[in-house]
Each structure stands twice: as C-alpha cells, then as structure tokens.
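Engineer: Could you have a look at this structure, given as structure tokens, before my questions?
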Amino acid sequence: MHLIVYVDDIVITRNDATKSSRPKRHICNHFQTKNLGCLKYFLGIEVAQSNEGIVICQRKNALDPTKNNVINCRPIDSPMNLNQKFMSEQSEPFLDFRKI
C-alpha cells in the first residue's frame with residue numbers, strides 16, 4: 001500500500017482495493033476528508049487506469065509553456081536518429097511483476 005501526502009491532498013493506492021478501505025476509514029475518522037473517487041490528476045500528472053495497469057502522463061504540462069517557464073527557450077537539434085525503428089525482437093521483454 002502507498003500513502004502519498006502533499007499539503008492537503010492524500011492518495012491511497014494498493015493492488016487490492018478492498019484492503020485499502022480500513023486505512024481510508026481510519027483517516028476519515030481522524031481528519032475531515034472527502035473521497036474524490038479514482039485518481040485522475042495529481043500534481044499536474046494525468047493518471048489513466050484500466051484492468052491492464054496504470055499509465056501516467058504529463059502531456060498537459062508539456063503543452064502549457066507558461067507553467068514550465070519555457071516560453072523564451074530556443075529549440076535544439078536532437079542527437080537521436082529520427083528514423084530509428086525499434087522492434088520487439090531486439091531485446092528481452094520487460095517482466096510482468098504482477099505475475100511473479
């Protein structure tokens with residue numbers, strides 16, 4: 001279980017949602033809280049959840065140059081080959097730690 005606290009925001013996450021209800025009740029009994037349901041945004045990070053897992057994205061921050069103070073920045077060339085092709089046969093796939 002992970003309990004993430006930032007100022008007045010609390011995120012509780014666990015593999016088994018039924019087991020996180022007891023800590024949630026404990027926090028609600030001792031502090032004035034409000035359950036906002038499934039996490040969608042936290043500290044500017046977008047969170048998408050599915051049965052396959054969780055994906056986090058900072059697209060919103062990347063598209064808003066005023067938040068990142070990059071309005072006056074100049075672009076530079078990337079050293080990466082733009083036409084590089086990545087294939088799954090080139091390396092071993094990542095382990096699915098949920099099955100270990």
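Engineer: Within the range 1-50, list the chymotrypsin sites (Phe, Trp or Tyr not before Pro) lying in a DSSP loop whose Cβ has at most 16 other Cβ atoms in a 10 Å radius. Can you show the working numbers first?
Structural biologist: Working: sites: Tyr6, Phe31, Tyr41, Phe42; in loops: Phe31.
Counting only loop positions with at most 16 other Cβ atoms within 10 Å, the chymotrypsin sites (Phe, Trp or Tyr not before Pro) in the range 1-50 are Phe31.
Engineer: So, one more: Please compute the net charge surrounding Pro23, taking Lys and Arg as +1 and Asp and Glu as -1 over other residues with Cβ under 13 Å from its Cβ.
Structural biologist: Details: positive: Arg14, Lys19, Arg22, Lys24, Arg25; negative: Asp16.
After counting each charged neighbour, the total is +4.
Values in this text are rule-based calculations from the coordinates and carry no lab data. Keep in mind that this is a model prediction, so the values were computed, not measured. Cβ coordinates were reconstructed from backbone atoms using ideal geometry, including for glycine residues, and neighbour counts include every protein chain displayed.
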